[in-house]
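Quick notes on the structure that follows.
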Amino acid sequence: MNVLVIGGNGMMGPWVVPVLATRHRLLVTDINDPPPDAAFEYRQLDVADAAAVDSAAAGMDAIVNLSVLRADRDLAFHVNVRGNYNLARAAARHGVRRIVNTGPHNQVIGRYLPWEHRLHPDLPPRSGTGLYGHTKALGHEVLRVFSERYDLYVQSLLFAGLRVPGSWWLRPKTRGRNFPLGQDLDGGYVVAWPDAATAVRAALEVDLATLPSRCESYFVLPDLPHGKYSSEKTERVLGWRATYQLEQFWNRSADL
Ligand SMILES: NC(=O)c1ccc[n+]([C@@H]2O[C@H](COP(=O)([O-])OP(=O)(O)OC[C@H]3O[C@@H](n4cnc5c(N)ncnc54)[C@H](O)[C@@H]3O)[C@@H](O)[C@H]2O)c1
């Protein structure tokens, strides 16, 4: 497939792009400069720029949206909501039938209560008012409405914490947020970056005829022994299962 990747030069992009590039022709885009060692077609693109998104979507079979803006009140709406509107419009105009969207699991369960368990992605969405989860939830809603109106299939993959396999590192290098040995693990809501990448590939390649509807959301998490969040649907519908399980991240010290 010809695949337009939006926001492909952030943390997740470098894990996703090589996994997709072996099987698809990619146009990777991001608002920032191309990575110095880019071995793929790259275009600087602001997802809030409707004309630029429209032009990039021409001739594509699918769009993978990895873009996000978490902190700034204006830019978060520009990227997470207006960006989705732009790519949905462009997809509809160019007959692109697949959008793989991404976001945090709290865009669905942000306001569910701490003791509620067996939470799944088809619950009535309660993002709460936090800028990140709320704007991502609105962005998903934009895509859902377009999927009702057009022959457009939307898969939204929802992640919690992402980690380098077998460690607590958010990134391969030691910059950014680090988690020292012995610190608790936020209940184990973590998935390894390579597993995130295979989830994107599974959503991209799923047979559209097998999907329950034209707009679906999925939690992308390993098996959690406490059962708080369920990735059962991701395995059942997309055939995806984490290869890195909770045990490989767990390093809580006995005296905590
Ligand atoms: N990293 C995590 O732990 C985590 C957790 C839960 C969900 N997610 C989701 O995974 C996806 C990828 O997140 P990430 O961790 O790679 O984030 P990131 O911030 O590292 O990357 C996002 C990318 O979007 C790009 N971007 C920002 N504004 C843009 C614009 N106007 N136009 C085009 N691109 C723009 C950024 O330049 C960046 O490269 C997001 O949807 C995010 O919500 C990530």
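The values are calculated or read from the model by the stated rules, or taken from the named source; none is laboratory data. Here the structure is a predicted model, which is why all the values come from computation and not from measurement. Neighbour counts run over all protein chains shown; Cβ positions are idealised from the backbone, glycine included. Note: areas computed on protein heavy atoms with side chains; ligands, DNA, RNA excluded. Shrake-Rupley method; radii C 1.70, N 1.55, O 1.52, S 1.80 Å.
Worth a mention:
- Of the residues contained in segment 36-49, one or more are found to be near the ligand (Cβ under 10 Å from one of its atoms), touching a residue at least 40 places away in the same chain (Cβ under 8 Å) and in contact with a Leu (Cβ under 8 Å, 6 or more places away or on another chain).
- The criterion of at least 1 residues that are open to solvent by less than 60 Å² (accessible area, probe 1.4 Å) and in contact with a Lys or Arg (Cβ under 9 Å, 6 or more places away or on another chain) is met, among strands (runs of 3 or more DSSP E) falling completely within segment 1-72, by 2-6, 25-30, 62-65.
- Pair list, Cβ under 6 Å, 6 or more apart: segment 194-213 residue farther than 13 Å from R23 by Cα and in a loop (DSSP other than H, G, I, E, B), other residue within 14 Å of the ligand (Cβ to nearest atom) and not small (G, A, S): none
- Residues that are open to solvent by 20 Å² or more (accessible area, probe 1.4 Å), more than 22 Å from D30 (Cβ to Cβ) and at pLDDT 95 or above do occur in segment 77-92, at least one of them.
- Exclusive hit being farther than 25 Å from Y132 by Cβ, surrounded by fewer than 16 Cβ atoms within 10 Å (Cβ to Cβ), of a type outside the set (K, R) and at pLDDT below 95, set D207, D184, D223: D223
- Segment 127-143, subset outside any helix (DSSP H, G or I) and open to solvent by less than 30 Å² (accessible area, probe 1.4 Å), residue nearest to the ligand (Cβ to nearest atom): S127
- Subset of segment 49-78 that is under 18 Å from A137 (Cβ atoms) and among the small types (G, A, S) - its residue that is nearest to the chain's Cα centre (by Cα): S67
- First in segment 112-139 and within 21 Å of L87 (Cβ to Cβ), second anywhere and open to solvent by 40 Å² or more (accessible area, probe 1.4 Å), Cβ under 6 Å, 6 or more apart: S127/H134; Y132/R70; G133/N106; T135/F77; A137/P125
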